Amino acid sequence: MKVSMKSCWFWIGLIILACSGLRAGEVRQEVQFPNLPGYVTLACDLHMHTVFSDGVVWPTVRVNEGWRQGLDLISLSDHIEHLPHKKDMKIKLNRSFELASASAADHGLLIARGAEITRDTPPGHFNAIFTSDNEKLNVPDFVEAVKQANEQGAFVFWNHQGWKGSEKGKWLDVHTKIYENKWLHGMEVCNGDSYFPDAHRWCLEKNLTMLGNSDIHEPDLRQKSEPANHRTMTLVFSKERTLPAMKEALLQGRTAVWWKEQVIGKKEYLEPLFKESVHLLGEPVWREKAVWLQFENRSNVDLQLKKTAGDGPAEIKLPAISTSLVKIEATPEMKSLNLQYTVANFIIEPEKGLPVAFEVNKKTATAKTAENTEP
Ligand SMILES: [Zn+2]
Ligand SMILES: [Zn+2]
């Protein structure tokens, strides 16, 4: 059959389009948290599964989902030892990453090669991210597998610490061994719908990186990340949006976890994150018995502030990505306001919110006026 050049280019074009994994009309909506001084705030999910272990989706689908929901970095951490589809398909341990890579590049989504080292408890399940060859982690001895991952320069964390088995959640000698060798870098404080307070405490005590991941096996049908409906994810405070910079930030522990309606992290990161998220707009409006303030919340979280001392109502709610008008009871003699609150859903230790304070001075507005009216 004679094929014209024109139709030949048409088919080549179609094949390129099919390989890229891009679909016209796909829409991305950003995860919205402000940057910190010196760092960009990026959204990651470093724990998910595909048909190459016990997930039920093809690897490129994870790229579409992650890109659509505003993620910056994903890792397809298929199990090394748990392969229920191996009778139906040939499983190679690097294959899910290889299949997803081209689509991720086309979407501008970062993807890191990774795997889940899956052993009974103890020791439990561990993710190795930024590996170079997952096949080399397929060894009988657990400690050897973690060592192999580290020799490849991987970032290793303990998954869903309180999950399953009689020894579940316990810190045992095997954990001490990998920790003391500096082969364990973080822990999942949150996995899917679960929160692990012990993991949270150990991250603080042992200076491990806090992570939150979806561990998703099914398709994720969410169109975007919303305050009350988003996947569990890790916010990474990175020097730039590149794989080496993200790895550096993860190894240095510059993270926070966005889990349900809470952000969980070390105070040193939640404090600036709050500062960059919440701004007092304009001048306060002073009336005889009240002061009106406008608070802008630039984060994706509906912030819940509870009063600890000073002026202001018992509770202040600041919905995500919006500005709220707040009324503070006052007297005509008052010259300034001192608001002291705890951000109940910015968690710096188990069951402890972030303390914050605002000083609002009456003089600022009046002083300017007085200056302007001077002859
Ligand atoms: Zn697991
Ligand atoms: Zn998993």
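The values are calculated or read from the model by the stated rules, or taken from the named source; none is laboratory data. Note that the structure is predicted; figures quoted are calculated from it, not measured. With ideal geometry, Cβ positions are generated from the backbone for all residues, glycine too; neighbour counts draw on all protein chains shown.
Among the residues of region 227-265, those that are among the charged types (D, E, K, R) and either touching a helix residue (DSSP H, G or I) at 6+ places or on another chain (Cβ under 9 Å) or within 16 Å of Asp193 (Cβ to Cβ) (or both) comprise Arg231, Lys239, Glu240, Arg254, Lys260, Glu261. Of all the listed residues (Lys168, Lys92), the sole one being assigned to a loop (DSSP other than H, G, I, E, B) and under 26 Å from the mean Cα position of the chain (by Cα) is Lys168. Can you spot a residue in region 250-271 that is outside any helix (DSSP H, G or I), in contact with a strand residue (DSSP E or B) (Cβ under 6 Å, 6 or more places away or on another chain) and without any contact (Cβ under 8 Å) to a residue 24 or more places away in the chain? So far as region 250-271 goes, no, none of its residues is outside any helix (DSSP H, G or I), in contact with a strand residue (DSSP E or B) (Cβ under 6 Å, 6 or more places away or on another chain) and without any contact (Cβ under 8 Å) to a residue 24 or more places away in the chain. In region 95-130, the qualifying residues are those that are among the hydrophobic types (A, V, I, L, M, F, W, C) and under 14 Å from Ala145 (Cα atoms), and the one that is nearest to the chain's Cα centre (by Cα) is Ile129. When Ser132 is tested against (1) out of contact with any helix residue (DSSP H, G or I) (no Cβ under 9 Å at 6 or more places or on another chain); (2) within 15 Å of ligand 1 (Cβ to nearest atom); (3) at pLDDT 95 or above, only condition (2) is not met. Could you check, for region 208-216, whether at least one of its residues is of a type outside the set (Ser, Thr, Tyr), more than 14 Å from ligand 2 (Cβ to nearest atom) and over 22 Å from His82 (Cα atoms)? Checking region 208-216: at least one residue is of a type outside the set (Ser, Thr, Tyr), more than 14 Å from ligand 2 (Cβ to nearest atom) and over 22 Å from His82 (Cα atoms).
Residues of region 40-57 that are within 16 Å of ligand 2 (Cβ to nearest atom) and in contact with a strand residue (DSSP E or B) (Cβ under 8 Å, 6 or more places away or on another chain): Cys44, Asp45, Leu46, His47, Met48, His49, Thr50, Phe52, Ser53, Asp54, Gly55.
Selection of region 58-85 for residues being more than 16 Å from ligand 2 (Cβ to nearest atom) and in a loop (DSSP other than H, G, I, E, B) yields Trp58, Gln69, Gly70, Leu71, Asp72.
Here's the yes/no breakdown for (1) more than 13 Å from ligand 1 (Cβ to nearest atom); (2) out of contact with any Gly (no Cβ under 6 Å at 6 or more places or on another chain):
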{"position": "Ser101", "(1), (2)": "yes, yes"}
{"position": "Ala104", "(1), (2)": "yes, yes"}
{"position": "Ala115", "(1), (2)": "no, yes"}
{"position": "Thr121", "(1), (2)": "no, no"}
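Evaluating Ser103 against the criteria (1) farther than 26 Å from Asn159 by Cα; (2) touching a Ser or Thr at 6+ places or on another chain (Cβ under 6 Å); (3) surrounded by fewer than 20 Cβ atoms within 10 Å (Cβ to Cβ) leaves one unmet condition, (3). The condition of being without any contact (Cβ under 8 Å) to a residue 60 or more places away in the chain, within 30 Å of Thr232 (Cβ to Cβ) and part of a strand (DSSP E or B) holds for only one of Gln294, Gln304, that being Gln304. Selection of region 184-205 for residues being at negative phi and among the small types (Gly, Ala, Ser) yields Gly186, Ser194, Ala199.
The requirement of being in a helix (DSSP H, G or I), under 19 Å from Asn127 (Cβ atoms) and of a type in the set (A, V, I, L, M) is fulfilled somewhere in region 175-191, by at least one residue. Being surrounded by fewer than 19 Cβ atoms within 10 Å (Cβ to Cβ) and part of a loop (DSSP other than H, G, I, E, B) is a property that does not hold for Glu205.
With respect to being within 16 Å of ligand 2 (Cβ to nearest atom) and within 21 Å of Glu151 (Cα to Cα), Met246 falls outside the description. Scanning region 159-193 for residues that are within 16 Å of ligand 1 (Cβ to nearest atom) and surrounded by fewer than 16 Cβ atoms within 10 Å (Cβ to Cβ) gives Lys164, Gly165, Glu167, Lys168, Asp193. Of everything in region 104-137 that's of a type in the set (Ser, Thr, Tyr) and in contact with a strand residue (DSSP E or B) (Cβ under 9 Å, 6 or more places away or on another chain), which residue is nearest to ligand 2 (Cβ to nearest atom)? Only one residue tops the list, namely Thr118.
Give Thr342, Thr323, Thr373 a once-over and let me know the one that is on the phi < 0 side of the Ramachandran plot and at pLDDT below 95. Of the residues listed, the single one that is on the phi < 0 side of the Ramachandran plot and at pLDDT below 95 is Thr373.
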